[in-house]
Amino acid sequence: MFETLKLLPADPILGLSMAYAKDTNPAKVDLGVGVYKNDEGQTPIMAAVAEAEKQRITRETTKAYTPPAGYPGANEAVTRLIYGEGHVAVLANRVRTIQTPGGCGALRVAAELIQRAKPGASIWVSTPTWANHIPLLGSAGLSLKEYPYYDYTSHSINLEAMLATLKTIPRGDLVLLHACCHNPSGADLSRAQWDQVADVLQERGVIPFVDMAYQGFGEGLDEDTYGLRLLASRLPEVVIATSFSKNFGLYRERAGSLSLVLADAAQADATNSQLLSVTRGLYSMPPAHGAALVDIILHSPELTALWQRELTSMRERIAGLRVDLVAALNGLQQQRDFSFIAQERGMFSFLGLNVEQVQKLRSEYSIYMTDNSRISVAGLRAQNIDYVARAVVAVL
């Protein structure tokens, strides 16, 4: 049977990481993988997480399966983190939240649920979007379409084109939106722009599917949920996938959640029963450890405060790296203004380089980024910003 399968090329981002690992240049810089790193180039365990793990060791008395939806306490805490206190949809008992194997698991489970409810449903994704959205959603059988989002020339959101396309989307289709820290562009909708998007989706009867992988990395934990909470307050149905890989640093624990806003409590119960049937057929029960840590942290005022301080420090560090990179790039040349990098949010930005320039950076300077010149700003360090800036200017 398996002799029919052909060798596939390496995943573009994972392939970059492998090439970087083999590179012997001591000046090498990895700007490909979207993982937070400190100024020593490490992805540390957050202090709040380390303390929660100590508590978990003393509290855990069994390795029996978790409930199908995961820890009830964690789901309650995550719902509060997503929607805030007193959200109208939560108060109306229209929200159901379950734990999933990371944000990827949430995306795929949601896709399978949508396929069960409406086979072959169309979901519209931004141009560009995170590359893994395509297989995660498409492999479930959904029909993928695109709406304009990022203007590579102006390094900003093409809101006019985006809204024009959204106004043509048929009732009942879904639109995938990034809650904050758009991956891969870093260009986020303003509050006024979110208001306009919500108006169109409500008028058209389109269902928002919100991916929130970076809550807390944009402007703040509550600020980053503005669009999501707005949509959940105005529309009858909203799908929300969240990840704790970045804001809790739980990358390898695969901790995430899927939250659904439904038309009423009865529909929420019916949909939740279908949702748990979907997860039963995919992975049966969710993993426990990462979700348990989130549960412990969010139910401890002391650990919550510590976690929020650490997350603020991470967010501010990335914002500072953006400012420093702009200063370095603009200070070395005048032919191109890189100020847009400091105006964007989260881990990613496009440098606006072509494939030949990107490959030259890789071959001559051991600086690794995807061929579309998307960089992970978190891969920069105070010690290498000048080196990166000089290399970029050299290939312009």
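The values are calculated or read from the model by the stated rules, or taken from the named source; none is laboratory data. Source: prediction; values computed, not measured. Ideal geometry is used to build each Cβ from the backbone, glycine not excepted, and the neighbour counts take in all protein chains shown. Surface areas here come from the heavy atoms of the whole protein model, side chains and all, with no ligands, DNA or RNA. Shrake-Rupley method; radii C 1.70, N 1.55, O 1.52, S 1.80 Å.
Structure values in brief
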read-out: Residue in the range 238-261 that is over 30 Å from PRO67 (Cβ atoms) and either at pLDDT 95 or above or in the same structural domain as ALA342 (by TED's automatic domain parsing) (or both) present; value: no
read-out: Every pair of residues 6+ apart whose Cβ atoms lie under 8 Å, when the first sits in the range 69-90 and is on the phi > 0 side of the Ramachandran plot while the second is open to solvent by 60 Å² or more (accessible area, probe 1.4 Å); value: GLY84/ASP222
read-out: Contacts under 7 angstrom Cβ, first residue in the range 30-47 being not assigned by TED's automatic domain parsing to the domain that holds LEU293 and surrounded by 16 or more Cβ atoms within 10 Å (Cβ to Cβ), partner β-branched (Val, Ile, Thr) and modelled with pLDDT of 90 or more, 6 or more apart; value: LEU31/ILE367; LEU31/ILE375; GLY32/THR370; VAL35/THR43; TYR36/THR43; LYS37/THR43
read-out: Pair list, Cβ < 6 Å and 6+ apart or interchain, from the range 308-319 residues that are over 18 Å from ARG381 (Cα atoms) to residues that are surrounded by fewer than 18 Cβ atoms within 10 Å (Cβ to Cβ); value: none
read-out: Filter result for the condition that a residue is aliphatic (A, V, I, L, M), closer than 13 Å to GLN99 by Cα and either surrounded by 13 or more Cβ atoms within 10 Å (Cβ to Cβ) or touching a residue at least 40 places away in the same chain (Cβ under 8 Å) (or both), over LEU275, LEU262, LEU282, LEU298; value: LEU275
read-out: Filter result for ARG336 (loosely packed, with under 15 Cβ neighbours inside 10 Å and in a loop (DSSP other than H, G, I, E, B)); value: yes
read-out: Pick from the range 48-75, criterion outside any loop (DSSP other than H, G, I, E, B) and touching a strand residue (DSSP E or B) at 6+ places or on another chain (Cβ under 8 Å), ranking: nearest to LEU303 (Cα to Cα); value: ALA74
read-out: Strands (runs of 3 or more DSSP E) (entirely within the range 141-254) containing at least 3 residues that are open to solvent by 10 Å² or more (accessible area, probe 1.4 Å); value: 143-148
read-out: Residue identified as over 22 Å from LEU380 (Cα atoms) and aromatic (Phe, Trp, Tyr) among TYR65, TYR36, TYR20; value: TYR65
read-out: Check on ALA19, open to solvent by 30 Å² or more (accessible area, probe 1.4 Å) and part of a helix (DSSP H, G or I); value: yes
read-out: Restricting the range 48-81 to residues that are under 22 Å from the mean Cα position of the chain (by Cα) and within 25 Å of SER284 (Cα to Cα), the residue that is modelled with the lowest pLDDT; value: ALA74
read-out: Residues satisfying the stated conditions in the range 62-92, i.e. in contact with an Asp or Glu (Cβ under 8 Å, 6 or more places away or on another chain) and open to solvent by 20 Å² or more (accessible area, probe 1.4 Å); value: TYR71, GLY73, ALA92
read-out: Residue, nearest to GLY102 (Cα to Cα), within the range 121-152, restricted to residues that are under 17 Å from the mean Cα position of the chain (by Cα) and of a type in the set (A, V, I, L, M); value: LEU136
read-out: Some residue of the range 98-119 being open to solvent by 30 Å² or more (accessible area, probe 1.4 Å) and in a loop (DSSP other than H, G, I, E, B); value: yes
